[in-house]
1. Based on the inverse mean of 1/r over its pairs of different Cα atoms, what is the Kirkwood hydrodynamic radius of the protein assembly as shown, in Å?
2. For B:K4, list the lysines whose Cα falls under 17 Å from its own Cα; do not include residues on the same chain fewer than 8 positions away.
3. Across 10 Å bins from 0, what is the distribution of all Cα-Cα pair distances for the range D:4-150, in whole percents?
4. Kindly express, to the nearest 10 degrees and within the range 0 to 90, the angle between helix D:60-75's C-alpha long axis and the longest C-alpha principal axis of chain D.
5. For the range B:2-77, compute Rh as the Kirkwood radius over C-alpha pairs and then the Stokes-Einstein diffusion coefficient at 37 °C and 0.692 mPa s; write the answer in µm²/s, rounded to an integer.
6. So which trypsin sites (Lys or Arg not before Pro) in the range A:23-83 end up in coil per DSSP with only 12 or fewer other C-beta atoms within 10 Å?
7. For chain D, which span is the longest to avoid every loop-located (per DSSP) member of GluC sites (Glu not before Pro) having at most 15 other Cβ atoms inside 10 Å?
8. What does the copy distance list look like for B:R49, label position 7 Å along Cα→Cβ, in nm and ordered from shortest?
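Quick note: the coordinates plus some simple rules give every number you see, no bench work behind them. Just so we're clear, the structure is a prediction, and the values are computed from it rather than from any experiment. Cβ placement follows ideal geometry from the backbone for every residue including glycine, while neighbour counts extend to all protein chains displayed.
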Amino acid sequence: MKVKYFAWVRERIGKAEETVEPPAGVRTIEDLIAWLSQQGETYAHAFERPKVIRAAIDHAHVRPDTAIAGAREIAFFPPMTGG
Amino acid sequence: MKVKYFAWVRERIGKAEETVEPPAGVRTIEDLIAWLSQQGETYAHAFERPKVIRAAIDHAHVRPDTAIAGAREIAFFPPMTGG
Amino acid sequence: MTAIVTIRIQEQDFDTAREIAALSHGRTDIGAVVSFSGICRGNDSGEEIAALTLEHYPGMAEAEIMRRAEQAMARWPLSGLTVIHRHGRITPGQNIVLVVTASSHRQAAFEAAEFLMDYLKTSAPFWKREESAGGESWVEARAHDDEAAARWTRS
Amino acid sequence: MTAIVTIRIQEQDFDTAREIAALSHGRTDIGAVVSFSGICRGNDSGEEIAALTLEHYPGMAEAEIMRRAEQAMARWPLSGLTVIHRHGRITPGQNIVLVVTASSHRQAAFEAAEFLMDYLKTSAPFWKREESAGGESWVEARAHDDEAAARWTRS
């Protein structure tokens, strides 16, 4: 699945998007955050405070317990500051 | 003192302004309305429902029990419908 | 804080864009500008309106709006405030009234604009006369407008 | 009721007057047009700002604003609604965001504009980065903005 990162999540990880293939046990957004956090220091730094990370599946906001099955594009980012 | 009338109060009385000299017993806005109501049919018609009449003294809204002593200009009109 | 206050009662139309620009142009302390344009509708509760004629009380109209503007300035941190109210004959689709508020914060700009509009409806000395197929008649004040204005004194 | 909905995410500036006119020109069913312009300030909590850079999530930004626009249309009797949000580098005094709402009634136009602005602040995927003398940093989300958005779900 495609994963996108924005703002300081993007900066800390050092890339704007990538394709990942998490193992079968990774079922929800929070599972995916936990798994990504183990993919290296940059990921650990980006996700060090999982509670502040917001997520979207296919362009819609989702909660941490949302299942990721069937997602085409998952995005992680800090709280929004537009407007 | 000068008295001004607006909207349907003006139309019913048939003039936009006049100078009146009420007797000494006419001390408040409501006294003045009662006295004006006795100045002819057009006045009686204009002030037939005293509660809906609004008043201003020298360009500021006032209540019916406000004293009129010292007023330069008193105005009577219906509830406002601007904006 | 320096605030620009503009109040105009006029027969001619106004240019909303110019008034917004006048409050914000060249300034970097303004984060929010809210404008409200009140426009003459062609229909009031199902009846076709050919035109409105707005009568006003010259002198008091300016004074009353200035009192409300001062209340708004005391209540919200505004950097500028413009109120323009037209009088005379106005046809459907034409502007009647404009309120523009500028502030460093959006909530202040929104609330001050609503406050000013609520009081323009209920305390500024203007009266609307409607022309329709059935003749001419004075528009009746609405209890709803009084309630809208009253909410600013409850909190 | 036919409603005109316009949502644009763009780098270039917008013309507030043109957007207001686009919603109201030639129509006689609109009694109220409210516009909100969000402008880049030169100062944030005492610190001088040289510029903001707005990053956004293309695709989701449009989708999220459209969802909020649909909520607004369902909740208030709007005849039109325009949201324009800029991205890229913006200097103090320049426009960031525009919301315009048109309705037959002023309360609907005011409330819908506030609703849209509150959600643009908290749910549209945009992130502000500030340039100041001390370097660059991401703007932190404010609890106050979340509270402002939450009031629309309480009633």
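1. On the way: mean 1/r = 0.0399 Å⁻¹.
By the Kirkwood definition, the hydrodynamic radius is 25.1 Å.
2. Cα-Cα hits under 17 Å: B:K15.
3. Using 10 Å bins, I get a P(r) of 12, 39, 34, 13, 2, 0 for the range D:4-150.
4. 40 degrees
5. On the way: Rh = 12.1 Å.
Stokes-Einstein gives a translational diffusion coefficient of 271 µm²/s.
6. Numbers: sites: A:R27, A:K51, A:R54, A:R72; in loops: A:R27, A:R72.
Taking the range A:23-83 and a limit of 12 other Cβ atoms within 10 Å, the loop trypsin sites (Lys or Arg not before Pro) found are A:R72.
7. Numbers: sites that count: D:E11, D:E140.
The longest such stretch corresponds to D:12-139.
8. Label-point distances to the other copies, shortest first: 6.2 nm.
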